[in-house]
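Below you'll find the structure, written out as structure tokens, and then a few comments.
Bear in mind that the values in this text are calculations on the coordinates, not laboratory data. None of the values given here were measured: they were computed from a predicted structure. A quick note on method: Cβ atoms are made from the backbone with ideal geometry, for glycine too, and the neighbour counts reach across all protein chains shown.
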Ligand SMILES: Cc1ncc(COP(=O)(O)O)c(C=O)c1O
């Protein structure tokens with residue numbers, strides 16, 4: 001049986017059909033306009049011909065993403081088998097589309113959804129689209145490192161008791177730094193109330209493929225999980241998957257797959273890229289057939305980096321001392337390094353690593369740098385990383401410490417993850433009502449106490465500091481200004497200079 005499954009998983013129906021279609025002689029009079037040949041010579045010189053020949057639209061032989069019956073249906077079924085889902089949807093607009101669809105499929109205007117305040121901005125977009133009312137819970141913070149984890153099971157239990165009218169629960173697990181929630185017990189709590197548990201697992205598409213990695217959210221009972229195949233596996237940028245859990249077929253359905261399918265049509269392009277779709281097919285095949293070996297390689301490289309970095313002065317790789325609420329498990333391929341001991345901010349170090357040593361981190365923050373170690377890394381990358389840190393640790397400190405730019409420990413290690421109660425204002429309107437309200441542009445000082453009409457967040461990690469519908473606090477504005485002063489990128493604001501903020505009139 002296992003062998004039959006392995007043989008099946010070697011297949012790439014969508015990729016194979018796309019390559020056949022690209023090779024077929026035909027006079028093309030359809031989109032995309034380049035028809036394989038009309039491409040700028042400079043681009044073709046670098047990318048070659050094959051990619052343009054395969055950049056095809058929904059031709060009859062290529063099935064249809066929104067009404068799949070043939071090769072896309074077959075590829076999605078193989079992905080469902082590989083990722084342990086009841087039904088898998090391929091996404092071409094990233095996890096962003098999957099997260100929005102998950103909310104649209106479960107919440108109508110005014111419905112309450114439970115979620116941590118540290119959600120990705122795609123969740124806020126889902127709230128604006130659906131009109132759902134967020135009920136925020138606080139995630140846990142590691143007292144030693146200041147890193148923000150996931151939500152404790154007890155916090156969810158209390159919130160479920162306090163809000164018997166909830167329609168869904170949404171969790172982010174893992175976090176950007178790889179910290180996982182105790183999905184199994186939270187799923188049980190949700191299912192006792194017949195509530196669907198939706199998991200933003202954008203950073204965990206590799207989970208479950210090696211015993212040294214956390215189990216996937218679906219395998220722990222989640223009803224829906226969204227994974228960015230492109231973030232950690234080999235899918236092309238923007239390619240992602242939405243998986244539905246197997247659930248208990250005897251119980252009343254908590255989530256309707258057809259509603260998810262409909263919602264996806266609202267948020268995805270009507271011209272899905274077959275290059276992205278085929279890359280999902282190939283990434284699934286790669287993980288189903290070699291996933292354990294590939295993940296063993298990534299885990300070994302990450303462990304080597306951790307061990308070698310630990311021996312350097314001033315550098316402390318993050319590890320879970322023991323499971324604790326909100327920190328159930330850690331993805332050990334995610335390498336987060338505490339750099340406080342170097343007397344420099346993570347932002348300054350990030351710049352130095354990149355410019356002087358050609359080492360590019362995923363996420364800099366005030367006290368930490370986070371690196372994604374994946375199936376695409378090799379031993380030479382780890383050498384470069386460790387040697388760069390070695391050179392920096394040996395050189396005298398430079399740059400600004402967090403204290404020098406007025407950032408207190410209370411504002412947590414990650415600039416954009418300020419979960420200080422003081423900074424997060426009260427939610428006074430639904431994000432949708434605030435988004436559609438008449439608004440004014442005010443200077444930040446005058447915006448204090450007013451209701452934000454927009455989502456404003458440092459990127460990465462894309463966790464909003466201001467949400468539409470939330471009262472703006474002086475601490476939030478001070479925080480955003482500091483992020484900007486430190487060279488962080490702020491997205492979402494209608495005035496990117498932050499000279500004005502949009503508030504509800
Ligand atoms: C937690 C989380 N969820 C969702 C997303 C959106 O993913 P994508 O970029 O695939 O749309 C991100 C992106 O950074 C993320 O960090």
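Distance distribution P(r), region 90-227, all Cα-Cα pairs, bin width 10 angstrom from 0: 12, 46, 35, 6, 0 percent.
Sorted fewest first by neighbouring Cβ atoms within 10 angstrom, 327, 436 come out as 436, 327.
The ellipsoid that matches the Cα gyration tensor of region 61-105 has semi-axes, each √(5λ) in whole angstrom, of 19, 14, 9, with the longest given first. Rg/Rh for region 3-55 (Cα atoms only, Rh after Kirkwood) is 1.15. What fraction, in whole percent, of alpha-carbon pairs in the chain exceed 43 Å separation? For the chain, the fraction of Cα-Cα distances above 43 Å is 17 percent. For region 420-504, the extents of the C-alpha atoms along the principal axes are 32, 25, 23 Å, listed from largest to smallest. When the alpha carbon gyration tensor of region 17-142 is reduced to an equivalent ellipsoid, its three semi-axes come out at 39, 19, 15 angstrom, largest first. Computed on region 79-153, the Cα convex hull volume stands at 136 Å³ per residue. As a proxy for reagent exposure, 52, 83, 207 were ordered by neighbouring Cβ count within 10 angstrom, fewest first; the result is 52, 83, 207. With 0.36 nm allotted per residue and the present C-alpha distance subtracted, the residue 47-residue 489 stretch has 156.1 nm of extension available. With no solvent and one point per C-alpha, what does the Debye sum give as log10 I(q)/I(0) for region 317-399 at q = 0.21, 0.24 Å⁻¹? These q points yield log10 I(q)/I(0) values of -1.01, -1.23. At q = 0.12, 0.17, 0.20 Å⁻¹, what base-10 log of I(q)/I(0) does the Debye formula yield for region 153-308 when every alpha carbon is treated as an equal point scatterer in vacuo? Results for region 153-308 at q = 0.12, 0.17, 0.20 Å⁻¹ read -0.60, -1.08, -1.32. Ordering 190, 180, 142 from the fewest to the most neighbouring beta carbons within 10 Å gives 142, 190, 180. Annotation: for a label point projected 7 angstrom from Cα along Cα→Cβ of residue 384, residues of region 330-349 with backbone N closer than 18 Å are 335, 349.
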